[in-house]
Amino acid sequence: DNSNYLPVAEFLTNAKFNVPHVLYDNTARCCALVEDLGDTDLHAMRNESWQEREPIYRSAFEQLDKLFYTRPPKDLEFQPPFDPEMYVWEQEYFYDNLAEIHLGMSAGETQPLRNHPALRQMADGLGASARHLVHRDFQSQNIIVKDKIAYLIDFQGMRRGRQEYDLASLIFDPYMNHSADEREKLLDMWEDISEERPAEDIFKKCATQRLMQALGAYGNLVSNKNDEWFAQHIPTATNLLREVVTGTDLADPILPVLDLIK
């Protein structure tokens, strides 16, 4: 999806979003020069006080709220939307890369979990909903901090979907491991900015999807690409996903995988 970066960057720049400026573009040579916003991202601020982080989250949420209302040019092509099959793909990514490749479960063990009706119902329900623009990877490492303002990067995967997916991506970000109290503060902040609070059922299902996708990515990066840095985030993502699905009909297909993670 890297070929989408420059068209999406132009759209976001013209719409006055906080994004890096494209200084030079030679599409024929697949080359571009993009503004360097520095090395400080929201993840780098994870150990700072809430008072230091709060204005950055507010700035990031203001960008997300603006994205909901911004109309792109009709001829701008985005990545495939979050339809039911995209959500199913994320679920399969979880079972393929985390359950089978990273944890060593057999296809016979994962097949009945993959086919659990609660997963398909979640995919169909989320995928049938109204679609607005979503960043797709709205997490702390993709929010650069400059002059106490949040700037969005890595937006080449932008597509249409549910806004709650981006919201859940940041609030349930394994890199930050927010406490329940912090998550509530972030939801209160979002409600203050957007003037509405996400429906709990939809929000938790989006969090479930996002955390399954993240764990699938971690399993892929650790076991297929030998990048051990991501291993440290598997327990955190596991605990968050366990919290989200416990007591719901999604516990049956997901908890057997999470129970294997130490």
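Filter region 22-37 for residues that are without any contact (Cβ under 8 Å) to a residue 24 or more places away in the chain, touching a Leu at 6+ places or on another chain (Cβ under 9 Å) and closer than 19 Å to residue 152 by Cβ and give the result.
22, 23, 25, 33, 35, listed by residue number.
Please work out which residue is surrounded by the fewest Cβ atoms within 10 Å (Cβ to Cβ), limiting yourself to region 121-146 and to residues that are small (Gly, Ala, Ser) and not in a helix (DSSP H, G or I). First the steps, then the outcome.
Within region 121-146, the first condition is being small (Gly, Ala, Ser), and the residues that meet it are 123, 125, 127-130, 140.
Still in the running and not in a helix (DSSP H, G or I): 128-130.
Numbers: 128: 10, 129: 13, 130: 8.
Restricting to residues being small (Gly, Ala, Ser) and not in a helix (DSSP H, G or I), the top hit is 130.
If you go through region 32-41 one residue at a time, do you hit one that is β-branched (Val, Ile, Thr) and more than 25 Å from residue 182 (Cβ to Cβ)?
Within region 32-41 (the criterion being β-branched (Val, Ile, Thr) and more than 25 Å from residue 182 (Cβ to Cβ)), the answer is yes, since at least one residue qualifies.
Of everything in region 16-52 that's closer than 20 Å to residue 147 by Cα and of a type in the set (Gly, Ala, Ser), which residue is surrounded by the most Cβ atoms within 10 Å (Cβ to Cβ)?
By that ranking, first place goes to 44.
In region 167-262, which helices (runs of 4 or more DSSP H) lie fully inside it and hold 1 or more residues that are among the aromatic types (Phe, Trp, Tyr) and without any contact (Cβ under 8 Å) to a residue 40 or more places away in the chain?
Filter on region 167-262 gives 200-223.
Take region 15-24 and flag every residue that is within 28 Å of the chain's Cα centre (by Cα) and on the phi < 0 side of the Ramachandran plot.
15, 17, 18, 19, 20, 21, 22, 23
With respect to residue 76, is the statement that it is assigned to a helix (DSSP H, G or I) and under 23 Å from residue 5 (Cβ atoms) true? I'd like the intermediate steps shown before the answer.
Values: assigned to a helix (DSSP H, G or I): no; under 23 Å from residue 5 (Cβ atoms): yes.
The answer is no for residue 76.
Of all residues being of a type in the set (Gly, Ala, Ser) and surrounded by fewer than 17 Cβ atoms within 10 Å (Cβ to Cβ) in region 86-117, which is farthest from residue 237 (Cα to Cα)? Just the residue, please. Spell out the reasoning first.
Quick first cut of region 86-117, residues of a type in the set (Gly, Ala, Ser) only: 99, 104, 106-108.
Going one step further and asking which of them are surrounded by fewer than 17 Cβ atoms within 10 Å (Cβ to Cβ), we end up with 104, 106-108.
Details: 104: 19, 106: 22, 107: 23, 108: 25 Å.
My answer is 108.
Looking at region 79-105, I want the residues that are hydrophobic (A, V, I, L, M, F, W, C) and have a partner that is assigned to a loop (DSSP other than H, G, I, E, B) and open to solvent by 50 Å² or more (accessible area, probe 1.4 Å) with Cβ atoms under 6 Å, at least 6 apart or on another chain. Which pairs are those?
These pairs meet every condition: 103/260.
Among the candidates 154, 192, single out the residue that is under 13 Å from the mean Cα position of the chain (by Cα), surrounded by fewer than 22 Cβ atoms within 10 Å (Cβ to Cβ), more than 27 Å from residue 112 (Cα to Cα) and of a type in the set (Asp, Glu).
154
(1) under 19 Å from the mean Cα position of the chain (by Cα); (2) at positive phi: which one isn't true of residue 220, the others all being true?
Unmet for residue 220, out of (1) under 19 Å from the mean Cα position of the chain (by Cα); (2) at positive phi: (2).
How many of the residues in region 53-73 are open to solvent by less than 70 Å² (accessible area, probe 1.4 Å), basic (Lys, Arg) and under 21 Å from residue 5 (Cα atoms)?
Counting residues in region 53-73 that are open to solvent by less than 70 Å² (accessible area, probe 1.4 Å), basic (Lys, Arg) and under 21 Å from residue 5 (Cα atoms) gives 1.
Just checking, does region 195-203 include any residue being more than 23 Å from residue 141 (Cα to Cα), open to solvent by less than 20 Å² (accessible area, probe 1.4 Å) and over 19 Å from the mean Cα position of the chain (by Cα)?
no
The values are calculated or read from the model by the stated rules, or taken from the named source; none is laboratory data. Computed from a predicted structure; not experimentally measured. Backbone-built Cβ (ideal geometry, glycine too); neighbour counts: all protein chains shown. All accessible areas refer to the heavy atoms of the entire protein, side chains included, with ligands and DNA or RNA removed. Shrake-Rupley method; radii C 1.70, N 1.55, O 1.52, S 1.80 Å.
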